[in-house]
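Structure first, then comments.
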Amino acid sequence: MIKGILQFSHHLIEEAVNKGETVIDATCGNGHDTVFLSKVVGENGHVFGFDIQDQAIQHTQQELARNKVTNATIIKDSHSNAIHHLTVDQLTSLGGAVFNLGYLPGSDKGIVTKSETTILAIEGILTHLKENGVVVLVVYHGHAGGDTEKRNIMEYVHQLDQKQYSVLYYGFINQKNSPPFIIGIEKKTK
Ligand code: SAH
């Protein structure tokens, strides 16, 4: 019935992104979303995946190989530099981006996304995003430092101009232990 967090994040992407477009996986992690995004854009589209951790890059590359994905480029760099890795054509066809915030499960809990770089990345992506493209943030915030990132991100998305962006909040308000929630940002006008 009601879509879970992962299902709903995929739903937003599927609604906004078309075959042949460029998409960004801003936090590859274990690579599951990278594989998902590669299917959404199809063989004529392209996924750019970013992570700063070797383990995440390796896991993602293994996951791409296992799924025979050929339309993805994985880059070990901060997502705050994401747009600088794309060509003008790729930026023009930018349909969406996904961020899974927090730490990589099963890895170093000290390596977490940080609001300064997350917000820089979102800003850069929003500048180039196509009309009706979407940026999906899956906000995990139960870990040390998670509260600060959540607060800063909420402050940032609250002030986005409603003429230019629709900002959606989706989450389960009766779940215990800081459950993740989604912020979806749709660009209304280019
Ligand atoms: N909490 C989520 C998974 C988040 S994984 C879950 O439970 O499913 C977050 C990933 O972001 C990690 O692999 C981490 O290495 C990566 N990361 C952290 N800072 C980053 C940055 N500035 N740029 C790109 N990736 C980053």
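The values are calculated or read from the model by the stated rules, or taken from the named source; none is laboratory data. Just so it is clear, the model here is predicted, and its values are computed rather than measured. Glycine also receives a Cβ, built like all others from the backbone with ideal geometry; neighbour counts cover every protein chain displayed. Heads up: the accessible areas ignore ligands, DNA and RNA and are worked out on the full protein's heavy atoms, side chains in. Shrake-Rupley method; radii C 1.70, N 1.55, O 1.52, S 1.80 Å.
So the values come out like this:
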{"item": "Selected residue (criterion: farthest from the ligand (Cβ to nearest atom)) from residues of segment 1-27 that are open to solvent by less than 40 Å² (accessible area, probe 1.4 Å) and assigned to a loop (DSSP other than H, G, I, E, B)", "result": "Gly20"}
{"item": "Filter result (among the aliphatic types (A, V, I, L, M) and within 10 Å of the ligand (Cβ to nearest atom)) within segment 79-113", "result": "Ala82, Leu101, Leu104, Ile111, Val112"}
{"item": "Which numbered condition Ile111 misses (of (1) out of contact with any Leu (no Cβ under 8 Å at 6 or more places or on another chain); (2) touching a residue at least 12 places away in the same chain (Cβ under 8 Å); (3) surrounded by fewer than 16 Cβ atoms within 10 Å (Cβ to Cβ))", "result": "(1)"}
{"item": "Output for segment 54-78, where each listed residue is among the hydrophobic types (A, V, I, L, M, F, W, C), part of a helix (DSSP H, G or I) and away from the ligand (no atom under 13 Å from the Cβ)", "result": "Leu64, Ala65"}
{"item": "Test: residue in segment 94-108 that is in contact with an Asp or Glu (Cβ under 6 Å, 6 or more places away or on another chain), closer than 25 Å to Pro180 by Cα and either in contact (Cβ under 8 Å) with a residue 40 or more places away in the chain or open to solvent by 60 Å² or more (accessible area, probe 1.4 Å) (or both)", "result": "yes"}
{"item": "The lone exception for Lys130 - which of (1) of a type in the set (Lys, Arg); (2) open to solvent by less than 80 Å² (accessible area, probe 1.4 Å); (3) near the ligand (Cβ under 10 Å from one of its atoms) it fails", "result": "(3)"}
{"item": "Sole exception among (1) open to solvent by less than 30 Å² (accessible area, probe 1.4 Å); (2) near the ligand (Cβ under 9 Å from one of its atoms) for Asn30, by number", "result": "(1)"}
